Amino acid sequence: MGSIDAPASTGNGSTPALNGGQIESAGYGQRLPEADYGGSQPSENDGSRKRQAGIMPLEVGTRVMCRWRDGKFHPVKVIERRRMQNGGPNDYEYYVHYTEFNRRLDEWVKLEQLDLDSVETVVVEKVEDKVTSLKMTRHQKRKIDETHVEGHEELDAASLREHEEFTKVKNIATIELGRYEIETWYFSPFPPEYNDCLRLYFCEFCLTFMKRKEQLQRHMRKCDLKHPPGDEIYRSGTLSMFEIDGKKNKVYGQNLCYLAKLFLDHKTLYYDVDLFLFYVLCECDDRGCHMVGYFSKEKHSEESYNLACILTLPPYQRKGYGKFLIAFSYELSKKEGKVGTPERPLSDLGLLSYRGYWTRVLLDILKKHKGNISIKELSDMTAIKAEDILTTLQGLELIQYRKGQHVICADPKVLDRHLKAAGRGGLDVDVSKLIWTPYKEQS
């Protein structure tokens, strides 16, 4: 599941492939020359040039201001660098992390996007990076908490550093999937032969990936799939849900994990997909069933997990599909006669979606219910685990602890206010259209 929301200016997803990438990149332009205010200015510029020449090329770990796609300068940290083809000894591109934003916005930038006058020395930082307990201001710690540790709550400091070192640079910049070209967010461990590919081409039906457009075109002439492999267990209007057994469709399951990892920071990539079921949501038209998103779940979970991983592809985000996938996972739990909870840790976007779903479901029940209701009764009605109900109601300040037990305080005006703040719900699951029986191991 994968961090702080990208700034609103990035939009919600992709544009059709013919019209460019998922996020339109703004022209960076050139900085305006500084005005010449008199005789002292040239010497100041000369000093600046000498200083800039002395720090080139920039070292990994350098902090500097960088012009982003909104035309403004933002603080960044240099994560990696690479020599430019046919360039001089100091001609590098730099892979930077915007310290105000999530890692999904990390990117390669050219030297002219950097304000070299803002370069900070990196000696102190390099020493501190090797120390387990970093000394930092409260503001710096909050920034790190918001950007780096989000989604990695269960990783210790050493594991977190190892994870970020291994995945620090995106290996695939864009993918083409169906009619969309999508900018990726994170590193995904594709096989070594794909290391030199900045773009991959996916068959949207079987998820086979290729290096070149011509390969995809040849593949599409031969591929006879028009929907994900597996069983269609839900169809309502143009929406379909397919259940894919990782044991029966191993290559599809592995390719789906490779694809998902491009958009999920902390996801563990399981090569052994036999233990999982994948539920792929599609929009259907006369050309076939096009993947919108998916969730996976373990076939047998000791911890009552009803969802292991969830993703809505960027072109389809902010359309209610995330909450639909969550609601669908709980409908399956109801059919199993169990309560469920998502596997931890949740990504930032996953946590936001779950909090929104839990809030709306519980508020709707409390709004309609007459008389007292217990957390266990709410859990039985919704298949939401009691702990998740408790934390949600505590966050809404709708529960108090009296005489050794939790008491729900559901004032109608307070409920209305929370419902309004919760915003619109996702798409509804029409349970009458769900044809499914719980998984049983084949003997």
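Over 30 Å apart: what share of the alpha carbon pairs of the stretch 171-345 falls there, rounded to a whole percent?
Working: 2067 of 15225 pairs.
Roughly 14 percent, rounded to a whole number.
Here the stretch 183-295 has 50 percent of its accessible surface on carbon and sulfur atoms, given a 1.4 Å probe and all protein chains in place.
What number comes out for accessible area per residue over the stretch 352-423 if the probe is 1.4 Å? Units Å², please.
Working: 4440 Å² over 72 residues.
Here the per-residue accessible area is 62 Å².
Couplings for the stretch 91-107, taken from phi via the Karplus curve 6.51 cos²θ - 1.76 cosθ + 1.60 with θ = phi - 60°, read 8, 10, 9, 10, 8, 10, 10, 6, 5, 7, 10, 6, 4, 5, 9, 4, 7 Hz in order; Gly and Pro are left as x.
Short to long, the 5 Å bins of the Cα pair-distance histogram for the stretch 352-423 hold 3, 16, 32, 28, 16, 3, 1 percent of all pairs.
Projecting the Cα atoms of Leu352, Ala386, Cys409 onto the dipole axis of the stretch 352-423, where Lys and Arg carry +1 and Asp and Glu carry -1 at the beta carbon, places Cys409 farthest toward the positive end. Hey, got a sec? Which GluC sites (Glu not before Pro) in the stretch 343-425 land in a DSSP loop and have at most 14 other Cβ atoms within 10 Å? Sites meeting the loop and neighbour criteria: Glu397.
The separation of the stretch 294-350 from the stretch 212-280, counted between C-alpha centres, amounts to 16 Å. Given the pairs Lys170/Lys213; Lys247/Lys338; Lys297/Lys413; Lys370/Lys420; Lys226/Lys433; Lys213/Lys299, which are separated by over 26 angstrom at their Cα positions? Lys297/Lys413; Lys213/Lys299, as the Cα separations exceed 26 Å there.
Give the peptides 330-337, 287-294, 194-201 in descending order of average Cβ contacts within 10 Å, highest first.
Numbers: 330-337: 17.5, 287-294: 20.5, 194-201: 15.1.
So the peptides 330-337, 287-294, 194-201, ranked by packing, come out 287-294, 330-337, 194-201.
Estimated at 0.36 nm per residue, the fully extended path between Asp115 and Asn86 surpasses their Cα-Cα distance by 8.1 nm.
Working note: Debye formula, equal point scatterers on the alpha-carbon atoms of the stretch 63-115, no solvent; log10 I(q)/I(0) at q = 0.30, 0.31 Å⁻¹ is -1.23, -1.29. Per residue, the solvent-accessible area of the stretch 180-230 (1.4 Å probe, heavy atoms of protein chains only, all protein chains present) comes to 51 Å². A cut-off of 5 Å between modelled amide H atoms, ignoring neighbours fewer than 5 places along the same chain, links His227 with Cys289. Close amide-amide hydrogen proximity is noted between Cys309 and Ser296, each under 5 Å apart and 5 or more residues distant or on a separate chain (H modeled in the peptide plane; Pro and chain starts excluded).
The values are calculated or read from the model by the stated rules, or taken from the named source; none is laboratory data. None of the values given here were measured: they were computed from a predicted structure. Here Cβ is always computed from backbone atoms with ideal geometry, including for glycine, and neighbour counts include all displayed protein chains. These accessible areas exclude ligands, DNA and RNA; they are computed on the full protein's heavy atoms, side chains included. Shrake-Rupley method; radii C 1.70, N 1.55, O 1.52, S 1.80 Å.
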